[in-house]
1. What FRET efficiency, computed as 1/(1 + (r/R0)^6) with R0 = 41 Å and r the Cβ-Cβ distance, is obtained for SER393 and LEU346, rounded to the nearest 0.05?
2. How large is the translational diffusion coefficient of the chain in µm² per second when you combine the Kirkwood radius over alpha carbon pairs with Stokes-Einstein at 25 °C and 0.890 mPa s?
3. Mind checking which of VAL441, PRO357, MET417 is farthest towards the positive end of the chain's charge dipole, using Cβ charges of +1 (Lys, Arg) and -1 (Asp, Glu) about the Cα centre?
4. Using every pair of alpha-carbon atoms in the stretch 1-141, split the distances into 10 Å bins beginning at 0 and state the percent of pairs per bin, rounded to integers.
5. Compute the label zone of SER17 within the stretch 258-275: residues whose backbone N is under 16 Å from the point 7 Å along Cα-to-Cβ.
6. Please report the spacing between the Cα centers of the stretch 127-142 and the stretch 194-266 in Å, no decimals.
7. Using helices alone, I'd like the mean residue ellipticity at 222 nm for the chain: each DSSP H run of four-plus residues gives -39500 (n - 2.57), total over residue count, nearest 500.
8. List the lysines whose Cα sits under 21 Å from the Cα of LYS356, skipping any in the same chain fewer than 8 residues away.
Amino acid sequence: MEVDDVECSKSAINQWSVVKPFGGCQPPKQRSLHASIVVGDCLYIFGGYDGSSRVNDFYKFSFKASKWSQIHPAGSSPTARDRHVVVSYADKIYIFAGYDGNNRVNDFWQYDTEHEVWSTVDPALGNPPTPRHSHSGVEYDGSMYIFAGYDGNYRSDFHRYNFPQRKWSIVPVKGSVPKARYRTSAVAYKNRMLVVGGHDGAKHLNDFYQFNFDTLEWSMVETTGQVPPPSPRDSHSAVICGDSMYLFGGSTGSARNDLYAFSFETDQWTEVRTTPGATQKSNVPCPRFCHTCDVYNNSLYVFGGYDGQQRLNDFWQFKLATEVNIDIPSSSLVSDLREFLNDAKLSDVTFIVEGKPVYAHKLLCMRCSYFRAMFEGQMREAQQKTITINNVSHRVFLALLEYLYTDEFEISMDIAMDLFVAADQFGIDRLKRLCEKKILVSINIDSAATILQALLLLCCLPENLGGLNQELWFEV
């Protein structure tokens, strides 16, 4: 095959370019103080200040389709606000606190990207941070961490929200704690959170701190090299790409458009400059602050902000690595394997379940320890082409095989308990835990006693039952 037969393109690195969408709706209107986040192949933007009022419009940019769409979720949505925090966890978007034009707020919202619906987050335990704006936040290991901000005073407090436990708590920190501030940046890298700059109410800052999630200790980041750190500033953006943190723009008293990289491998700052050939003024974003910056496929994406005179809605990309664009079809592995389910073609074992044949393949069944022992050991079934399976229904056994073939199965409540029992019987621990989760999140007062008894008999994780008992107690 000739190279020309492949439709591809190769783009240069270290160059800014304006993102030009193909079709779709108009981009979000001019704004600053908004929040954005990448989930999957889309960039989501919520809220902000348009120069006259706070807004609560919600947009999505598809990187694959290169187009904007405005999202109109059914039901209630967060009120208009700016200076809020957004994080993502398990393909859901979480928004916390901000300023609605009259008051600082501390409400907590979740957006389900699959079902396109907002809902309020109601913690089971603990107290949230005080109403505030201009705070910072990151997600790390199943928890959201909220640092600093302004609640009528400049803050340096540190809070954690544990998503699985639905619990707020104050992080018991030690070490050299950063001074109170707002409009700082925070990013998570490996087991650390990095905080740069901000404003303490009197002056701009450029101090550089790290928080170790394992030791719960704050410390100053010791840097090396000849390049000085970015000048003191607030309202900048910082993101992680690879083993570097990138910091763009902000306000030093005037708007900035400089771009810095901090390498975690060398502990050095460098100022990132565009490659030769990109010298025209139009090829660099204008200075700005209160913008957003996100990472997708080794590129920075900057949207909007304030240049000191007007709000912006321009959309810029900065490539950090050479990118070869080839249209690669989506993987068909899972769908191909699903086609073999209960298909006599190439089947080398037949299970009889409730008198019905189920055609299967030993190689895939051996993902399960029960069947591996059966086919590799000295059991008589190892030599048989037809094997009878007892104590499980035909429907449940097919569901169990679908999981073994594809590593996925959409668990509904009408099958969850029977599938849980079968997964326990055949020693498929992950499927058992998936069923357990489905059962626990769907439980109610009417079904609690029966389900709890069954789960206890089958060795459900005790910590889950403890939390569940507490939730049911509050529901009563």
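1. Details: r = 26 Å, r/R0 = 0.63.
Taking R0 as 41 Å, the efficiency between SER393 and LEU346 is 0.95.
2. Values: Rh = 25.7 Å.
It comes out at roughly 95 µm²/s.
3. Working it through, the farthest residue towards the positive pole turns out to be VAL441.
4. In whole percents, the pair-distance histogram is 10, 36, 32, 13, 6, 2, 0.
5. Label zone hits: 274-275.
6. Comparing the Cα centres of the stretch 127-142 and the stretch 194-266, I get a distance of 19 Å.
7. Details: 8 runs with 87 residues, N = 476.
It lands at -5500 deg cm²/dmol.
8. Correct list for LYS356: LYS345, LYS385.
Where a number appears in this text, it was derived from the coordinates with a stated rule and is not lab data. What you see is a predicted model; the values in this text were computed from it and never measured. Glycine also receives a Cβ, built like all others from the backbone with ideal geometry; neighbour counts cover every protein chain displayed.
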